[in-house]
1. I'd like the full set of residues that are under 19 Å from the mean Cα position of the chain (by Cα) and assigned to a helix (DSSP H, G or I), limited to region 240-261.
2. Have a look at PHE101, PHE110, PHE90 and point out the one that is touching an Asp or Glu at 6+ places or on another chain (Cβ under 8 Å), crowded, with 20+ Cβ neighbours inside 10 Å and not assigned by TED's automatic domain parsing to the domain that holds ILE190.
3. Condition first: at pLDDT below 95, part of a strand (DSSP E or B) and not assigned by TED's automatic domain parsing to the domain that holds THR99. Can you find one or more residues in region 183-204 that meet it?
4. Taking the criterion of being under 17 Å from the mean Cα position of the chain (by Cα), among the small types (Gly, Ala, Ser) and under 16 Å from GLY39 (Cβ atoms), would at least one residue in region 89-96 satisfy it?
5. With the structure loaded, tell me whether TYR250 is closer than 16 Å to LEU133 by Cβ, modelled with pLDDT of 85 or more and in contact with an Asp or Glu (Cβ under 8 Å, 6 or more places away or on another chain) or whether it fails that test.
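The values are calculated or read from the model by the stated rules, or taken from the named source; none is laboratory data. Since the structure is predicted, the reported quantities are computational estimates derived from the model, not experimental observations. Cβ: placed from backbone, ideal geometry, glycine included. Neighbour counts: every protein chain shown.
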Amino acid sequence: MSEERGGTAAVAEGDGAQEGVYVYCIIEATEPRTFGKIGIGGRSDEVFTVHYRDLAAVVSRAPLIVYDPTRENALTHEHIQEVVMNEHGFTPVPMSFGTLFKTDEDTVEFLKDTYDALRDVLVKMKDKLEFGLKVNWDRDQVLREIEQQNEEIRRLKAEIETNTQSSTYFARMQLGRLVEQALVDRSESIVREIYDHLRDAAIASRSNKVIGDKMIMNAAFLVGRDQAEHFDAKVHDIGKKFEGTLSFRYTGPWPPYNFVTIRLQLERSASV
């Protein structure tokens, strides 16, 4: 049920620009590693590691320019982290899109300056994955169900339909309030049930802002690597229960974007 995402890099503007080091993520590693010629910028640059003690920045050579967050660039940035995580078994600490340093030495200095904070995050996030779950509903279908179940709403609708006098204004106002509250109650009930169903398979969850009228849930879940199949099965189970009523968009596994709260001062960043 989960979706995989890959991507190719867009050709960056600025031919002839000074070369820099583009940083995708940080991992725990002492030996040099390579991840393929999949670097950002459309030049097939090798993705490799730059080290300080037991930390490594996953990087590639790249023109020292501002990278627009186009879909292709963003997908490339994410795809490399997925390769590091899914194909090589690391738990990456994601870096912000467009993080650049002038040289390998500057990258090492960054690792040195932020070593304690990065180590702390890596220890906490080790062998943990993130999954995303967005849930939409058919508002009209839900309204029909609510009307069938709520006698007061049916009574007010009948009153409005049979009475054309001005008094129906107040009935319409009351009906509108009842319907909106019933929708909120139903939405909250469904979301609680989904969270409750998934809770024992996840370490933590985070609720993000819903988008549009149809979405009732936009959540991220932090899951142990050894629990990923169990969590996947639980999502399938709850999806089956609401089949025909709700639409589930389940994505991952991702690096733990929503659960890494570290704030890094990129004082040596060469971003333009």
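1. Once the filter is applied, which keeps residues that are under 19 Å from the mean Cα position of the chain (by Cα) and assigned to a helix (DSSP H, G or I), region 240-261 yields TYR257, ASN258, PHE259.
2. Answer to the check: PHE90.
3. yes
4. no
5. Yes.
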